[in-house]
Amino acid sequence: MSGIEWALVALAALAAGAVNALAGGGTLITFPLLTAVGLPAIEANITNTVALCPGYFAATLAQAGDLRSQRRRLWLYLPTAILGGIVGGALLLHTGERTFRALVPYLILFAALLLAGQDWVRAWLLRRANHPDSARWLETLGVVPAFLAAVYGGYFGAGVSVIVLAVLGLVLDDSLTRLNALKQGVAFAINTAAALFLALSGRVDWPVALAMAVGALVGGALGGKLAGRIQPALLRGIVVGVGVVVAGIYWVRG
């Protein structure tokens, strides 16, 4: 890549880190740029997955206090997340480049729609908190949709946090703060399992991944400081709009 392309990748990762800290959806910024600078779609997706690990770790660490009292749930959902992430990564490696490129616009649009519905999911969770009706068996049964969410996360990943939060809210009766903390832990497990599996594929562009990881960490720190100054809903709307436009471009390009 040229110097300008390296700068664009670093800036995109920085922006993605900030967007993830504020509203979510950073992958909708980084993945299209990686393909635009010449990385094949699957290699761009794998590199993006690996590069996101530090951001997921930081987000989980920040909410560790709300995770310590949920050890049973962690023992239940983390193995599910790890297995699903590996299965998703394996499916990705067994997808041909041409097939994956054909799927890309649908995956991006799906992620954009998930992000657009995030406020609705949160509002639903807050309403549901006033109606405690879930039982232990429902909590255990939740590993099934959690596994499916993890497979998606290992395969593509954009918007997986919204899916995981919705699944947890469906099967668990708890506060949004604790559910969000558990969601971070599950999403971190999904991403890390997929990243470690995919790292062995030989299809990671390591210089790009490392540059993105640094940019994402810096962006995440900046996003944390700007959290009280920028409306997440506005930023989310911009990211959703970008996702829809990018999906349209991929469709036109075929």
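One table, with the values for the structure above:
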{"quantity": "Candidates 252, 239, 244, 164 - the one that is buried (at least 24 other Cβ atoms within 10 Å of the Cβ) and over 18 Å from residue 48 (Cα atoms)", "calculated": "164"}
{"quantity": "Where a residue in the range 36-54 is on the phi > 0 side of the Ramachandran plot and its partner, wherever it lies, is outside any helix (DSSP H, G or I) and of a type outside the set (D, E, K, R), with Cβ under 8 Å and at least six apart", "calculated": "38/1"}
{"quantity": "Elements of type helices (runs of 4 or more DSSP H) in the range 1-71, at least 3 residues being surrounded by fewer than 17 Cβ atoms within 10 Å (Cβ to Cβ)", "calculated": "3-22, 53-62"}
{"quantity": "Residues that are of a type in the set (Val, Ile, Thr), assigned to a helix (DSSP H, G or I) and open to solvent by 10 Å² or more (accessible area, probe 1.4 Å), drawn from the range 172-205", "calculated": "177, 192"}
{"quantity": "Which listed residue is open to solvent by 30 Å² or more (accessible area, probe 1.4 Å), over 20 Å from residue 180 (Cβ atoms) and either among the acidic types (Asp, Glu) or part of a helix (DSSP H, G or I) (or both), from 78, 91, 107", "calculated": "91"}
{"quantity": "Test: residue in the range 220-234 that is open to solvent by less than 50 Å² (accessible area, probe 1.4 Å) and either within 23 Å of residue 6 (Cβ to Cβ) or hydroxyl-bearing (Ser, Thr, Tyr) (or both)", "calculated": "yes"}
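So that you can scan it fast, the table gives a plain yes or no per residue for (1) closer than 29 Å to residue 70 by Cα; (2) of a type in the set (A, V, I, L, M):
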| residue | (1), (2) |
| --- | --- |
| 170 | yes, yes |
| 173 | yes, no |
| 178 | yes, no |
| 184 | yes, no |
| 192 | yes, no |
| 200 | no, yes |
| 204 | no, yes |
| 234 | no, yes |
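Listed here are the residues, each with its yes/no results for (1) of a type in the set (S, T, N, Q); (2) over 20 Å from residue 237 (Cβ atoms); (3) touching a Leu at 6+ places or on another chain (Cβ under 8 Å); (4) without any contact (Cβ under 8 Å) to a residue 60 or more places away in the chain.
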site	(1), (2), (3), (4)
70	yes, yes, yes, no
80	yes, yes, no, no
84	no, yes, yes, no
101	no, yes, no, no
115	no, no, yes, no
120	no, no, no, yes
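The values are calculated or read from the model by the stated rules, or taken from the named source; none is laboratory data. The structure displayed is predicted, hence computed values, not measured ones. Quick reminder, even Gly has a Cβ in these numbers, built from the backbone with ideal geometry, and neighbours come from all protein chains shown. Heads up: the accessible areas ignore ligands, DNA and RNA and are worked out on the full protein's heavy atoms, side chains in. Shrake-Rupley method; radii C 1.70, N 1.55, O 1.52, S 1.80 Å.
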